[in-house]
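Undergrad: For reference, the structure I am asking about is given below.
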Amino acid sequence: MSILEVKNLKYQYNNYEKTSKYVLDDVSFSIDEKDFVAIIGKSGSGKSTLISHLNGLYKATSGDILYNGSSIYRKDYNLTGLRFKIGVVFQYPEYQLFSETVIDDVAFGAIKKGLSKDEAYKKSEEILKLFEIEQLKNESPFNLSGGEKRKVAFAGIFVMEPEILIFDEPDAGLDATSKTNFYNLIKKLNEEKDTTIIFITHNLDDVMEYANKVIVLNEGKLLKIGKPYEVLSDEEIMKNADLDMPYAIQIFNDLKIKGYNLDTNKLKFNELYNQMLDIN
Amino acid sequence: MIRDITLGQYYKKDSIVHSLDPRVKLVATLVFLVSLFISTNIFAYLFATIFLIIAIYMCRVPFKFIIRGLKSLLILLLISIFFNLFLTPGKIVLSLGIFKITKEGIIIAIKMAIRLIYLVIGSSILTLTTTPSKLTDGLEKGLSFLKVFKVPVAEIALMMSIALRFIPILIEEVDKIMNAQMSRGADFEHGNIIEKAKSLIPLLIPLFVSAFKRANDLAYAMESRCYSSDAIRTKLRPLKYKKIDYMTYAYLLLYIILIFLTRYIKIDGIIKFERFL
Ligand SMILES: Nc1ncnc2c1ncn2[C@@H]1O[C@H](COP(=O)(O)OP(=O)(O)OP(=O)(O)O)[C@@H](O)[C@H]1O
Ligand SMILES: [Mg+2]
């Protein structure tokens, strides 16, 4: 059963002018529980705008969003409650941090959710440890490095334990180790706690490694939604979206044309590697 | 609510009003504001209304966008109506205990409401159609005669332009912080007025922090480009009157004469012109 359903979503930033362009133009898709969804598309294609709709922060010009089958645009819908269930980490951590100290910032969501102060701070510290930044807890979030800010932004959302986690270019500004740790962490949440994950990225290798579903946006339109191989190997879609097909997929395709029997559902680095080794 | 403040915002569009010299627009706004306060009867308000409608039509900014700014003014408007309505002595029309509504009160309340609304719309049209830098240029040039009296016109103009430029930036900042807090469960929309006001408090600290940070950045930027207020500066696009600007001045003159003439119209049952020559 789909946990999140987007129906004919349209959005324009300036809704005072009839002629202003639709940043989202008739976007429809649905996401199931436990999905690991990648949203790809070139800069300005509307990815960030789309995810700002998913927790009701932006109100669509037209169209509907259903969470667990009920419309979040219903008049009496509890949007605040929804935001504890759908956690969104913004593209720019500066836009997300506002408290005087890191620990205050992380605890904000937990306190709003109804935890006692002690519990909230205890939990926040645990999460800071998870991201290996517990030593920063009394710093001002504005004086941190880019990667550190991003980790604090993650922590502030993780602390609410949402059912759906949404990340906008989570790897930007992270060093290689932190990035791997981060992806392993959300993979674990996805596998063990059935958390649904949606992430925006420009790195198609990460899409192959982690996603089970891919959404391609271009100029506000949804070009395709499907399994990673279906989408990434579709030359026409990739060309229309102005994206380069990953090398691994190109090699994979050539091998398939040559008659080798390969499993298109196994695209993770290890799986690909083993498939190639098994060829001879 | 905060997002609805249009004061100081610029709305990009190609229109005659946008292309007018900023000095003309400054004078026009001034003339309009003065006309509102010397208006005494319905004819003056009629002319002011026509003037405003023409300006709104010509500037091609969506009407909905212009009046968006009025929403944040509602409380001020209600307070002014309230006081005028109940506290003006005169012929009593309706009395509710200690509150007495008088005929004079009603008239003054209506006048005040119209003045306030027109005043805000009129000055919004100025800022909606003029970029802050043009506005500053206009002020600087328009007030340059004051330099004779040792008034630091350039500094004042710069201060004005920075202040004006900061209004939309601060509003954007508030918007950003609200979004950040809302996505982590803060609620700005529900509850009574007191609860709503309370929920705004956590916005203030981050707002001040970022405002100071921005001011600091701006100071660094100005210093690193060796800004000095007594340097002689040239303009990239010096202000120069065009034909349309002179025409607008002529219309303004006509308008202000009309407004003055209305003062000599007396209404008592039938309309009479008083002798004024
Ligand atoms: N606040 C805004 N006001 C007006 N237009 C905006 C605003 N934010 C974004 N846009 C426009 O909406 C379009 C989509 O922007 P969006 O930020 O969603 O793109 P994106 O796919 O996330 O790009 P990127 O990969 O660079 O982050 C762009 O054309 C942009 O110019
Ligand atoms: Mg983006």
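The values are calculated or read from the model by the stated rules, or taken from the named source; none is laboratory data. This is a predicted model, so every value here is computed, not measured. Every residue, glycine as well, gets a Cβ built from its backbone with ideal geometry; the counts of neighbours run over all protein chains shown. Ligands, DNA and RNA are excluded from the accessible area calculation, which covers all protein heavy atoms including side chains. Shrake-Rupley method; radii C 1.70, N 1.55, O 1.52, S 1.80 Å.
Undergrad: Could you name every one of the strands (runs of 3 or more DSSP E) located completely within region A:18-79 that has at least 2 residues being at negative phi and more than 16 Å from ligand 2 (Cβ to nearest atom)? Outline the logic, then answer.
TA: Details: elements: A:24-32, A:36-40, A:62-67.
Once the strands (runs of 3 or more DSSP E) in region A:18-79 are filtered for at least 2 residues that are at negative phi and more than 16 Å from ligand 2 (Cβ to nearest atom), what remains is A:24-32, A:62-67.
Undergrad: Continuing with the same structure: Being more than 16 Å from ligand 2 (Cβ to nearest atom), within 19 Å of the chain's Cα centre (by Cα) and either modelled with pLDDT under 95 or within 14 Å of chain B (Cβ to nearest Cβ) (or both) narrows it down to one residue among A:ASP263, A:ASP254, A:ASP205, A:ASP171; which is it?
TA: On the way: A:ASP263 fails: within 19 Å of the chain's Cα centre (by Cα); A:ASP254 fails: within 19 Å of the chain's Cα centre (by Cα); A:ASP171 fails: more than 16 Å from ligand 2 (Cβ to nearest atom).
Just a single option satisfies the conditions, and that option is A:ASP205.
Results for (1) within 16 Å of ligand 1 (Cβ to nearest atom); (2) crowded, with 17+ Cβ neighbours inside 10 Å; (3) modelled with pLDDT under 90; (4) under 21 Å from A:LEU24 (Cβ atoms), shown as yes or no for each residue.
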| residue | (1), (2), (3), (4) |
| --- | --- |
| A:GLU219 | yes, yes, no, yes |
| A:LEU222 | yes, yes, no, yes |
| A:GLY226 | no, no, no, yes |
| A:GLU236 | no, no, no, no |
| A:LYS239 | no, no, no, no |
| A:GLN250 | no, no, no, no |
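Undergrad: Only one of B:MET182, B:MET222, B:MET247 is under 19 Å from B:GLY138 (Cβ atoms), out of contact with any Pro (no Cβ under 9 Å at 6 or more places or on another chain), free of Cβ contacts under 8 Å to residues at least 12 places away in the same chain and open to solvent by less than 100 Å² (accessible area, probe 1.4 Å); which? Give the steps one after another, and end with the answer.
TA: Working: B:MET182 fails: under 19 Å from B:GLY138 (Cβ atoms); B:MET222 fails: under 19 Å from B:GLY138 (Cβ atoms).
So the residue among B:MET182, B:MET222, B:MET247 that is under 19 Å from B:GLY138 (Cβ atoms), out of contact with any Pro (no Cβ under 9 Å at 6 or more places or on another chain), free of Cβ contacts under 8 Å to residues at least 12 places away in the same chain and open to solvent by less than 100 Å² (accessible area, probe 1.4 Å) is B:MET247.
Undergrad: Checking A:LYS21 against (1) surrounded by fewer than 18 Cβ atoms within 10 Å (Cβ to Cβ); (2) more than 10 Å from chain B (Cβ to nearest Cβ); (3) under 19 Å from A:PRO162 (Cα atoms), only one condition comes out false. Which one?
TA: Here A:LYS21 clears every test but (3).
Undergrad: Having 1 or more residues that are under 17 Å from A:ASN265 (Cα atoms) and in the same structural domain as A:THR49 (by TED's automatic domain parsing) is the bar; report the strands (runs of 3 or more DSSP E) wholly within region A:163-251 that clear it. Before you say what the answer is, go through the steps one by one.
TA: Details: elements: A:164-168, A:196-200, A:213-218, A:221-226.
Passing ranges, in order: A:213-218, A:221-226.
Conditions (1) open to solvent by 30 Å² or more (accessible area, probe 1.4 Å); (2) outside any loop (DSSP other than H, G, I, E, B); (3) modelled with pLDDT of 95 or more; (4) at the interface with another protein chain (Cβ under 9 Å from one of its Cβ atoms), marked per residue:
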residue	(1), (2), (3), (4)
A:GLU94	yes, yes, no, yes
A:PHE98	no, no, no, yes
A:ILE103	no, yes, yes, no
A:ALA107	no, yes, yes, no
A:LYS112	yes, yes, no, yes
A:TYR121	yes, yes, yes, no
A:GLU125	yes, yes, yes, no
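Undergrad: From A:ALA110, A:ALA155, which residue is assigned by TED's automatic domain parsing to the domain that holds A:ASN68 and out of contact with any Lys or Arg (no Cβ under 7 Å at 6 or more places or on another chain)? Even if it seems obvious, please write down each step before you answer.
TA: Numbers: A:ALA110 fails: out of contact with any Lys or Arg (no Cβ under 7 Å at 6 or more places or on another chain).
Result of the check over A:ALA110, A:ALA155: A:ALA155.
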